[in-house]
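Data first, discussion second: the structure below is written as structure tokens.
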Amino acid sequence: AQTVTQSQPEMSVQEAETVTLSCTYDTSENNYYLFWYKQPPSRQMILVIRQEAYKQQNATENRFSVNFQKAAKSFSLKISDSQLGDTAMYFCALPGPPGGATNKLIFGTGTLLAVQP
Amino acid sequence: DTGVSQDPRHKITKRGQNVTFRCDPISEHNRLYWYRQTLGQGPEFLTYFQNEAQLEKSRLLSDRFSAERPKGSFSTLEIQRTEQGDSAMYLCASSWGGKGYEQYFGPGTRLTVT
């Protein structure tokens, strides 16, 4: 079964500093996608970054980057130059089981990130 | 593109009552998903539509839950005979394609069953 584990329920970082959020997962697929979603206090979930498993290069979107370790099934999110607006719940997500017609997402339990001024 | 919208944003109901939620996806998206999120947890998949066809339902979706997507446009999620355990945030998401495609989420409907 596909599983996603986020072992850090809460984290705190000072404004302008760097923070890394951890995620491990399990899948039987060889080619898959991984996502980080952000859910700010207003509760609308938005995509932060996406990684394709067959790509060796780690994905980067402005201040957000990932460290994707396929063999270790690890997918951490690094936020550089943290801003107050980064305060949110962050979810790691993996599409559902192979062979299904669905692209349902399997989410971790989330990490609540607080950026301190 | 006005994003995914959900109505109502909040619903308080008494146990045993029926409730219905509506989701309007992004217009060109043919895939629509419903998730349920309880406090401190990640969203859990409930059901999936491709166009008007409901292609998958989670075991979380008991007989009291029904979802429709007539004409492949908006979707409704109905809960009959609500129970306190149904209290949660119900999220709708839509996407244009399959596994690698981003899902766009609505703001959710928060249900409180008293």
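Coordinate-derived values only; no laboratory data. Since the model is a prediction, treat every value here as computed from it, not as a measurement. For neighbour counting, all protein chains shown are included, and Cβ atoms are generated from backbone atoms with ideal geometry for every residue, glycine included.
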Response to the item:
Condition set surrounded by 13 or more Cβ atoms within 10 Å (Cβ to Cβ) and touching a residue at least 60 places away in the same chain (Cβ under 8 Å), scope the stretch B:36-90, selection nearest to the other protein chains (Cβ to nearest Cβ): answer is B:Q37
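Every residue in the stretch B:16-38 that is part of a loop (DSSP other than H, G, I, E, B) and within 14 Å of B:E78 (Cα to Cα), please.
Residues satisfying the conditions are B:G16, B:Q17, B:N18.
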Worksheet item: Hey, does the stretch A:73-86 have a residue that's surrounded by 13 or more Cβ atoms within 10 Å (Cβ to Cβ) and either within 14 Å of chain B (Cβ to nearest Cβ) or acidic (D, E) (or both)?
Response: yes
Discussion item. The conditions are (1) within 13 Å of chain B (Cβ to nearest Cβ); (2) over 17 Å from A:E61 (Cβ atoms); (3) surrounded by 12 or more Cβ atoms within 10 Å (Cβ to Cβ), and A:K38 fails exactly one of them. Which is it?
Written reply: (2)
Discussion item. Scan the stretch A:65-74 and tell me whether some residue there is on the phi > 0 side of the Ramachandran plot and either of a type outside the set (F, W, Y) or outside any loop (DSSP other than H, G, I, E, B) (or both).
Written reply: yes
Worksheet item: Would you pick out the residues in the stretch A:1-35 that are surrounded by 19 or more Cβ atoms within 10 Å (Cβ to Cβ), over 13 Å from the mean Cα position of the chain (by Cα) and closer than 23 Å to B:S94 by Cα?
Response: A:Y32
Worksheet item: Within the stretch B:1-52, can you find the residues that are of a type in the set (A, V, I, L, M) and touching a Lys or Arg at 6+ places or on another chain (Cβ under 8 Å)?
Response: B:V19, B:L32, B:L46
Item to complete: Could you give me the residue pairs with C-beta distances under 6 Å whose first residue belongs to the stretch B:94-106 and is facing chain A (nearest Cβ under 7 Å), whose second residue is among the aromatic types (F, W, Y) and crowded, with 18+ Cβ neighbours inside 10 Å wherever it lies, and which are 6+ apart or on separate chains?
Response: B:K99/A:Y33; B:G100/A:Y33
Item to complete: Pull up the stretch A:51-64, narrow it to residues that are in a strand (DSSP E or B) and within 14 Å of another protein chain (Cβ to nearest Cβ), then point me to the one that is nearest to the chain's Cα centre (by Cα).
Response: A:Q51
